[in-house]
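The structure appears below as structure tokens.
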């Protein structure tokens, strides 16, 4: 270990640990933590530190860290809050490089704690140390070279491939317990507490390089730096599956909801978008998290979505089939050879099709033969084995047979022994040999759906963020101007801003009198739409402020005076300043684009179909800025009404590329001008001809 | 017991049981079943029957049932299939009244088995016996007066309040095991196998009268008699909550899908509709079933949806809050008195609002005080207690404290001790005292959502099936006529049929020549729509076969000749027989009504909004005929686009009563004429004025 060490190595791979606040008293954190480290067989020296005891647990106890004669890599601090600063100084002077501060009473405990935590952080940085916590539950590294079990919980986690971050100590403890119960092993664990120094993102970067960590689980309550998380996770998740329980869905900070887009974005939509874009699987419960982690950590990811089911009872087979289809997976269709092989080996089988029902008389031999047959079938991507042990069948032999077949074929296999204890010998045998054994078949299928989602994500092209040539200067000037008049941009100016970023807009001109009107009409060309242009009138249509489908000069002039009258009626005493003249687009589908600012996650981009789809059905899709090409493609395709764009009942498909491009250009716009708080394009006409696609109306709110 | 006995009493409350096919050999069904009955402490005589043994399990063994000297109430038959008939004869002659036939190889085993099962059933009926099975796993009655454990499984179920029916032996066995694991007790259990005689419906009727059965669980693969099930369940579910796992969702029999309605109805929609209408809770997994059953069987149903959460750790509190909001429940808002009471009792509590976070130092006293405070708050309908046991807190004392508070306040309470074994003393203490203890808080919330759904259902008014005055004779004549020409009814005739059942239709007339046309125009009144009337032309609009908004005689005549030309172009050589003249309806919302025949469950009624809502979004609702007033109301209100009907953005609400009435009249129509296979009304204009609501087009398919 003479090479340069990662600073976090002093926390997760320490050669020596001081436990400051160690205690011999039962029921104290200082006792439990020391006990866990020693019982866990830590592969280094442990130094209890406590001025009140000369010896603890038969180990010499020091009154302060500075007295320890040897080098100390890591200090775990359990002393009361008001002693923490002194201990940190002591550690700093001693040359300790890593800290885990268990002690609570900092940021989570009001203003005084916030101030203390700030000081703590400064001190730690000043000494060049790294710190986990404060207010945390500890860390674990099961690596046999290290064996550091530095928590005060009751569970000694099993060794395995999972890196596990918990933002809540209590959740961390109960999750470690549950993982142990189902035989799931972890590589490293950290309860990150208040994250004053080491963050979840730091751990992700650390575990990216850790060959023993192959899957990452996180229980999160918030993201400290969502942008950084996304950047790390987009890449890391392709190599190491990441599974997150993100709580606080419904308590998430509120968001400015003045715009249309803002009012459509649920409070939690930012997190969903972030995780989806980063390829991180979000699950809604701890149970689901571990079911999925079991699948990832024990077996390879199936090459596709086609599942084979082998059972010895009809009912569970049906239940599982139901779940397979409901979760969007499919039943593999067996070849004739496969069916023949099953028929020969298990003549009494009730069903040779998928699900294969071997009936209750099936023994190890029958299971082995049927399993070998379906594993050999190239149409099968993964196999679910269900076994309800009948009284006269040797359960261990069946489990052995599953192992044997699995070792010959490398396809992933998942089992459920129903009506059997979690600790029964056949279940243990399977788990000990990396065959997942679930209590319920539904849990297998749910996990398979997660694996399939991961497979599809992993196959996504690397993120590309196109950069368009735009007129940034023109856009900037319009935005500056808007800031001087309340921060709103409407009508023609908003369309011009879109135009500056290469977003097609419908030919539009302002006309303040009949002469200008006729000039504009000739320039734009019939048919035309005339709209009253006054920001005070929000619902123009309702007061007769829009007249469409004007085909002649006469109609246009007539409409102009009608609009003037409507205006004067609606706003008595107001000054009629003219109309917006626009080419009328016929045909096509009305779509809606939007941007709203999520306070935690930055600009949220929205796409949907116009009118009732967005108003009533709320059929819209969201992603976070910056959008990759893939993100934009997924946004357009994920609205339910997508068939109306792709050619429904013989109608021509619209220019979907163009819609994706608008999203990417909007993302570039909001990236260039973070002062854009809200933007709604409603409607944008999507047409079969590229040249007719155009924004018709737009509304922008800028921070002033 | 001298009073008249229910025939099923001889099966579930026998005074004596013969086990025909009993055996001393380990690993045989005959041994396990006999063993279970004896070990279970059956409160009557057991007679082993097997010609090969003089004694089994120290009990005299008879060579046939007829030899038993005493009366025999129930015979359990385990002999090989080909001996079953002989044994049944023997039982019949002996006067046995109840049979449980475990033996398989009947209906499930091909044509020969089907025939045998038919004979078996006839024999049983002939002797006046009742039979469970064949091909089943047995029956259980835990009533202390009876104690009949007549299955060959490994689980002796705990006594409790749940009646449990399983159509699959394997699922039954694994479910009994799981119930025992989580401490859930059952009253009676039956594996009903092939249901040759006793059906699930029979058991429901039997358990309706059983005071020990308070909750009913069913694992079903199909409904033998769905109509009867609905009839029983609509009433029974109000008194005894019913929970169903119905498998075979995706394997359900296919349905004629020629009509629009048919193509929209998913294969499983009939079951969902049936259970919803009957007030039966459908769950998608066994785990969910038991979680819900635990809640129903241990606690009363909460009086509302407002939940209080008391926790000693922030993370689990947040997770639970998330689940509460996501599942459509709500967090109770505490009164100031409640908050003050918590503050006084637990000064260090981190949060006095809901969820109450007592932090890790909370002991039994703190839990007791906080719980008492929230239980006393009238705004609280139910309480979730989360407890992550810290090392220095007495877990048993906390559990005791929960019990104590619960005994004082009668409000339902649900607990989750996280990171603690299912068998640990505090969990056992809670469960033994009827306090549900779940492994995960999410399971509590999911169950609470089920309870709330049940509460709302139970508050539904009793089903009313209105009967309208209709012209049944006229409708019958139209249907008879249709049968002679291919079974299709379109255009004017279909509208007349609707009219005969009091469903408003738009004023419509046929016109075969210009004179008739003008006469019709005058009679109906402008504006008008003209449509080519030829069943061979399905997509009339696409070939220019519809001309709308005609306001003068001239326009009408002109349109007539245009339609004639379109017709001749589209169908060269066809005979133009005239047009359908209809009043044009302006405004209003297009809706769609439909009927399609579900082969298993009868006529399925559909309602939705027209156009893209039904075509693309598939935003429709389904219920099974016969519709109650409540059903019709729920159908109209459960489409997502309902806001468009109830007055969206200042538009007037349409006549929703009228839409409900159309549904009820259609239900009456299909009830009177079961030969109606398919019916689509598309569109039906729903308008703010009752007199303008009208069907515009209709298509009916009749069985010929």
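Could you say which residue among B:558, B:657, B:631, B:549 is within 25 Å of residue B:498 (Cα to Cα) and assigned by TED's automatic domain parsing to the domain that holds residue B:516?
Details: B:558 fails: within 25 Å of residue B:498 (Cα to Cα); B:657 fails: assigned by TED's automatic domain parsing to the domain that holds residue B:516; B:631 fails: assigned by TED's automatic domain parsing to the domain that holds residue B:516.
Only one candidate qualifies: B:549.
When only residues in segment A:216-234 that are outside any loop (DSSP other than H, G, I, E, B) and surrounded by fewer than 16 Cβ atoms within 10 Å (Cβ to Cβ) count, which is farthest from the other protein chains (Cβ to nearest Cβ)? Working first, answer last.
Residues of segment A:216-234 that are outside any loop (DSSP other than H, G, I, E, B), as a first pass: A:216-220, A:226-234.
Remaining after also requiring surrounded by fewer than 16 Cβ atoms within 10 Å (Cβ to Cβ): A:227, A:231.
Values: A:227: 23, A:231: 26 Å.
Per the criteria, the residue is A:231.
When the residues of segment B:406-420 are narrowed to those that are within 14 Å of chain A (Cβ to nearest Cβ) and more than 14 Å from residue B:367 (Cβ to Cβ), which ends up surrounded by the most Cβ atoms within 10 Å (Cβ to Cβ)?
B:418
Does residue A:435 qualify as being under 30 Å from residue B:155 (Cα atoms) and either surrounded by fewer than 17 Cβ atoms within 10 Å (Cβ to Cβ) or more than 14 Å from every other protein chain (Cβ to nearest Cβ) (or both)?
Yes: the conditions hold for residue A:435.
Which residues, taken from segment B:398-421, are under 23 Å from residue B:331 (Cα atoms) and not in a helix (DSSP H, G or I)?
Once the filter is applied, which keeps residues that are under 23 Å from residue B:331 (Cα atoms) and not in a helix (DSSP H, G or I), segment B:398-421 yields B:409, B:410, B:411, B:412, B:413, B:414, B:415, B:416, B:417, B:418.
Assess whether residue A:72 counts as being crowded, with 22+ Cβ neighbours inside 10 Å, away from chain B (no Cβ under 14 Å) and closer than 21 Å to residue A:169 by Cβ. Walk me through it before giving the result.
Working: crowded, with 22+ Cβ neighbours inside 10 Å: yes; away from chain B (no Cβ under 14 Å): yes; closer than 21 Å to residue A:169 by Cβ: no.
The answer is no for residue A:72.
Take residue B:213 and decide whether it is away from chain A (no Cβ under 14 Å), buried (at least 20 other Cβ atoms within 10 Å of the Cβ), more than 25 Å from residue A:316 (Cβ to Cβ) and under 18 Å from the mean Cα position of the chain (by Cα). Break it down stepwise before answering.
Working: away from chain A (no Cβ under 14 Å): yes; buried (at least 20 other Cβ atoms within 10 Å of the Cβ): yes; more than 25 Å from residue A:316 (Cβ to Cβ): yes; under 18 Å from the mean Cα position of the chain (by Cα): no.
So residue B:213 fails the test.
Do the conditions hold for residue A:440, that is, is it more than 14 Å from chain B (Cβ to nearest Cβ) and modelled with pLDDT under 95?
In short, no.
For residue B:315, are the conditions met, namely being in the same structural domain as residue B:438 (by TED's automatic domain parsing) and over 22 Å from residue B:280 (Cα atoms)?
yes
For segment A:549-576, which residues satisfy the criterion of being closer than 25 Å to residue A:488 by Cβ, modelled with pLDDT under 90 and either touching a strand residue (DSSP E or B) at 6+ places or on another chain (Cβ under 8 Å) or surrounded by 12 or more Cβ atoms within 10 Å (Cβ to Cβ) (or both)? Give the steps one after another, and end with the answer.
If we filter segment A:549-576 for residues that are closer than 25 Å to residue A:488 by Cβ, which is where we start, we get A:563-564, A:566-576.
From the residues that got through so far, the ones that are modelled with pLDDT under 90 too are A:566-576.
Scanning segment A:549-576 gives A:566, A:567, A:568, A:570, A:571, A:574, A:576.
Being closer than 23 Å to residue A:690 by Cα, surrounded by fewer than 17 Cβ atoms within 10 Å (Cβ to Cβ), in contact (Cβ under 8 Å) with a residue 60 or more places away in the chain and more than 36 Å from the chain's Cα centre (by Cα) is the filter here, so list the residues in segment A:473-527 that pass it.
Selection gives A:507 alone.
All but one of (1) modelled with pLDDT under 95; (2) touching a strand residue (DSSP E or B) at 6+ places or on another chain (Cβ under 7 Å); (3) part of a helix (DSSP H, G or I) hold for residue A:678, so report the exception by its number.
(3)
Counting only residues that are touching a residue at least 24 places away in the same chain (Cβ under 8 Å) and more than 19 Å from residue A:509 (Cα to Cα), give me the strands (runs of 3 or more DSSP E) lying completely in segment A:529-645 with at least 3 of them.
A:589-598, A:602-609, A:620-624
Within segment A:302-313, is even one residue out of contact with any strand residue (DSSP E or B) (no Cβ under 6 Å at 6 or more places or on another chain) and surrounded by fewer than 21 Cβ atoms within 10 Å (Cβ to Cβ)?
Within segment A:302-313 (the criterion being out of contact with any strand residue (DSSP E or B) (no Cβ under 6 Å at 6 or more places or on another chain) and surrounded by fewer than 21 Cβ atoms within 10 Å (Cβ to Cβ)), the answer is yes, since at least one residue qualifies.
Check off (1) buried (at least 23 other Cβ atoms within 10 Å of the Cβ); (2) within 23 Å of residue A:171 (Cα to Cα) for residue B:364 and give me the number that stays unchecked.
Of everything listed in (1) buried (at least 23 other Cβ atoms within 10 Å of the Cβ); (2) within 23 Å of residue A:171 (Cα to Cα), residue B:364 misses just condition (1).
Residue-wise test of (1) within 14 Å of chain A (Cβ to nearest Cβ); (2) surrounded by fewer than 19 Cβ atoms within 10 Å (Cβ to Cβ).
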site: B:276; (1), (2): no, no
site: B:280; (1), (2): no, no
site: B:284; (1), (2): yes, yes
site: B:336; (1), (2): no, yes
site: B:342; (1), (2): no, no
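Suppose we keep only residues that are crowded, with 21+ Cβ neighbours inside 10 Å and over 19 Å from residue A:419 (Cα atoms) within segment A:378-405. Which one would you say is farthest from the other protein chains (Cβ to nearest Cβ)?
Ranking the candidates gives A:405 first.
Residues in segment B:244-265: is at least one more than 14 Å from chain A (Cβ to nearest Cβ), part of a helix (DSSP H, G or I), crowded, with 20+ Cβ neighbours inside 10 Å and modelled with pLDDT of 85 or more?
For segment B:244-265, residues more than 14 Å from chain A (Cβ to nearest Cβ), part of a helix (DSSP H, G or I), crowded, with 20+ Cβ neighbours inside 10 Å and modelled with pLDDT of 85 or more: absent.
Go through segment A:152-166 and count every residue that is buried (at least 24 other Cβ atoms within 10 Å of the Cβ) and within 11 Å of chain B (Cβ to nearest Cβ).
Count: 2.
Go through segment B:175-190 and give me each residue that's modelled with pLDDT of 90 or more, outside any helix (DSSP H, G or I) and either surrounded by fewer than 24 Cβ atoms within 10 Å (Cβ to Cβ) or at the interface with another protein chain (Cβ under 10 Å from one of its Cβ atoms) (or both).
B:185, the sole residue that qualifies.
Please specify each residue of segment B:593-617 satisfying the condition of being touching a strand residue (DSSP E or B) at 6+ places or on another chain (Cβ under 7 Å) and under 21 Å from residue A:619 (Cα atoms).
Of everything in segment B:593-617, those that are touching a strand residue (DSSP E or B) at 6+ places or on another chain (Cβ under 7 Å) and under 21 Å from residue A:619 (Cα atoms) turn out to be B:607, B:608, B:609, B:610, B:611, B:614.
The values are calculated or read from the model by the stated rules, or taken from the named source; none is laboratory data. Quick caveat, the model's predicted, so the values are computed rather than measured. FYI the Cβ positions are ideal-geometry reconstructions off the backbone, even for glycines, and counts take in every protein chain you see.
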